[in-house]
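Beneath this line is the structure, given in structure tokens, with notes to follow.
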């Protein structure tokens, strides 16, 4: 495990504000004791046409002693691994990999792809989609290895994006630049939970698993442990992917998670993925301090 792995990267929507807002966020992260930051997918999406923007962010963060360490790849229909078949779509990722690496980013997390689960084409075509994802990773690993950037495949909550699918995909390769991204909130939705009212789970999750109920699997984090390189930290009520802080809403047993991750041999980083909501009482500082208590870095 990397010596700085338990120093949690701060999460913020950098492209939704101006430079003053960015400075305010950096100041709040700094005062709360953060050392590292992550680049959200919305901001990564802008880098294809405006690569210098990340250098600007790195410069501002550096004024506060903060370092950008992690990033999330552009995701959604057409951009996920099992949908990458055209040059234009590949360019969204291939053009930003060197930009991210040159700015010190160490991990870039990818979704496998959920569209096929929602449009009903996953069942009966599993091997086709797995093959597309495999070929996409094979191609993306070329620039990733050249620039020494770690690609991480994330577990989500649809049939095509489960932890089992992520593990199976990563194990097809032996690259030192490929591993898993454990998303704790997504794992919580897909593990068995006593008393969970499955019929009350958010509609999009139930839609993805039709005609049957979701398939719950115990000990998802344990099954991923050996290949985990980065982790997304957020909590939920077991019904909805609400990206909450444990301080406002939570059902995850974080002590179990901390103990497990301390023995994850390839772990490079933890990242907050808690969303700031207008109705929440939380601040960036409060979120940062919560993670610092749950995952002390010393």
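The values are calculated or read from the model by the stated rules, or taken from the named source; none is laboratory data. These figures come from a predicted structure and were not determined experimentally. Here Cβ is always computed from backbone atoms with ideal geometry, including for glycine, and neighbour counts include all displayed protein chains.
Brief remarks follow.
- Subset of the range 281-298 (residues that are touching a helix residue (DSSP H, G or I) at 6+ places or on another chain (Cβ under 9 Å) and either assigned to a helix (DSSP H, G or I) or without any contact (Cβ under 8 Å) to a residue 60 or more places away in the chain (or both)): 282, 284, 285, 288, 294
- Every test in (1) under 26 Å from residue 194 (Cβ atoms); (2) touching a helix residue (DSSP H, G or I) at 6+ places or on another chain (Cβ under 9 Å); (3) modelled with pLDDT under 95 is passed by residue 249 save one, and that test is (2).
- Residue match in the range 169-177 (condition: within 24 Å of residue 274 (Cα to Cα), buried (at least 20 other Cβ atoms within 10 Å of the Cβ) and touching a residue at least 24 places away in the same chain (Cβ under 8 Å)): no
- Any hit, the range 197-204, residues being crowded, with 20+ Cβ neighbours inside 10 Å and either closer than 22 Å to residue 89 by Cα or under 20 Å from the mean Cα position of the chain (by Cα) (or both): no
- Of all residue pairs spaced 6 or more apart or on separate chains, those with beta-carbon atoms under 6 Å, a first member in the range 33-50 that is on the phi < 0 side of the Ramachandran plot and without any contact (Cβ under 8 Å) to a residue 40 or more places away in the chain and a second member that is part of a helix (DSSP H, G or I) and crowded, with 21+ Cβ neighbours inside 10 Å are 37/61; 43/14.
- Residue within the range 146-153 that is within 20 Å of residue 116 (Cβ to Cβ) and surrounded by 24 or more Cβ atoms within 10 Å (Cβ to Cβ) present: yes
- Any chance residue 141 is under 30 Å from residue 35 (Cβ atoms), touching a residue at least 60 places away in the same chain (Cβ under 8 Å) and over 15 Å from the mean Cα position of the chain (by Cα): no
- When residue 113 is tested against (1) surrounded by fewer than 19 Cβ atoms within 10 Å (Cβ to Cβ); (2) over 30 Å from residue 293 (Cα atoms), only condition (1) is not met.
- Per-region count, the range 250-280, residues in a loop (DSSP other than H, G, I, E, B) and either free of Cβ contacts under 8 Å to residues at least 24 places away in the same chain or under 18 Å from the mean Cα position of the chain (by Cα) (or both): 14
- Answer residue from the range 122-133, given it is in contact (Cβ under 8 Å) with a residue 24 or more places away in the chain and in a loop (DSSP other than H, G, I, E, B) and is surrounded by the fewest Cβ atoms within 10 Å (Cβ to Cβ) among those: 123
- Search result, residues across the range 252-267 that are buried (at least 17 other Cβ atoms within 10 Å of the Cβ) and farther than 16 Å from residue 184 by Cβ: 266
- Search result, residues across the range 150-174 that are touching a strand residue (DSSP E or B) at 6+ places or on another chain (Cβ under 8 Å) and farther than 23 Å from residue 218 by Cα: 150, 151
- Answer residue from the range 207-225, given it is loosely packed, with under 15 Cβ neighbours inside 10 Å and farther than 15 Å from residue 188 by Cα and is nearest to the chain's Cα centre (by Cα) among those: 207
- Flag for residue 136 being crowded, with 22+ Cβ neighbours inside 10 Å, under 25 Å from residue 171 (Cα atoms), touching a strand residue (DSSP E or B) at 6+ places or on another chain (Cβ under 9 Å) and without any contact (Cβ under 8 Å) to a residue 40 or more places away in the chain: no
- Close pairs from the range 78-93: first at positive phi and without any contact (Cβ under 8 Å) to a residue 60 or more places away in the chain, partner surrounded by 15 or more Cβ atoms within 10 Å (Cβ to Cβ) and assigned to a helix (DSSP H, G or I), Cβ under 9 Å, at least 6 apart: 78/89; 78/92; 78/115
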